[in-house]
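K.L.:
Structure in structure tokens, see below.
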Amino acid sequence: MAALEDLLDMPLRMNGCKSIKPLYSHPSEFGPTVTDEFGVVWSTTEIDRGSPIGPSLAEPDLSHFKWPAPTAPYRFEHLAQWTAANAAHFTILWVGDLWERAHVHARHGAAAL
């Protein structure tokens, strides 16, 4: 099946780094919840990206927090082939959706600060 961008003859292609939690995590594949690399537990759903469930930090202290490796090879291994396949198009690569993680940490940790 052709990609939507090809069917619509769109000149723009977008892609990003891989994460252990896909943007859309279907319950049939991941179960009722999935935990991302920041420790945020998400509900899974058939229709959208899901929602964070509860606080990911027990205390407002990041001194022992294990940050994900931003340069892990799995994040980028698909991009060389994707970029070559889309060389005739404008391409945009995004870093990810870290704003959600920051929101969840701030929302659940700000009250304790």
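K.L.:
What are the residue pairs meeting all of these: first residue in segment 54-69, first residue in contact (Cβ under 8 Å) with a residue 40 or more places away in the chain, second residue surrounded by fewer than 14 Cβ atoms within 10 Å (Cβ to Cβ), Cβ atoms under 6 Å, and 6 or more apart or on different chains?
P.N.:
P60/A112; P60/L113
K.L.:
Moving on. Surrounded by 11 or more Cβ atoms within 10 Å (Cβ to Cβ) and part of a loop (DSSP other than H, G, I, E, B): which single residue out of I47, I20 fits that description?
P.N.:
I20 is the lone residue from the list that is surrounded by 11 or more Cβ atoms within 10 Å (Cβ to Cβ) and part of a loop (DSSP other than H, G, I, E, B).
K.L.:
Kindly indicate whether F90 is under 21 Å from A3 (Cα atoms) and either in contact with an Asp or Glu (Cβ under 7 Å, 6 or more places away or on another chain) or modelled with pLDDT under 90 (or both).
P.N.:
Yes.
K.L.:
Scan segment 72-86 and report the pairs whose first residue is at pLDDT below 90 and whose second residue is assigned to a helix (DSSP H, G or I), with Cβ atoms within less than 8 Å and a gap of 6+ or a chain change.
P.N.:
none
K.L.:
Sticking with this structure for a sec: Within segment 50-60, how many residues turn out to be at pLDDT 85 or above and either of a type in the set (F, W, Y) or in a loop (DSSP other than H, G, I, E, B) (or both)?
P.N.:
Residues in segment 50-60 being at pLDDT 85 or above and either of a type in the set (F, W, Y) or in a loop (DSSP other than H, G, I, E, B) (or both): 3 in total.
The values are calculated or read from the model by the stated rules, or taken from the named source; none is laboratory data. Remember, predicted model here, so these are calculated numbers, not experimental data. Glycine gets a Cβ as well: all are built from the backbone with ideal geometry, and neighbour counts include every protein chain shown.
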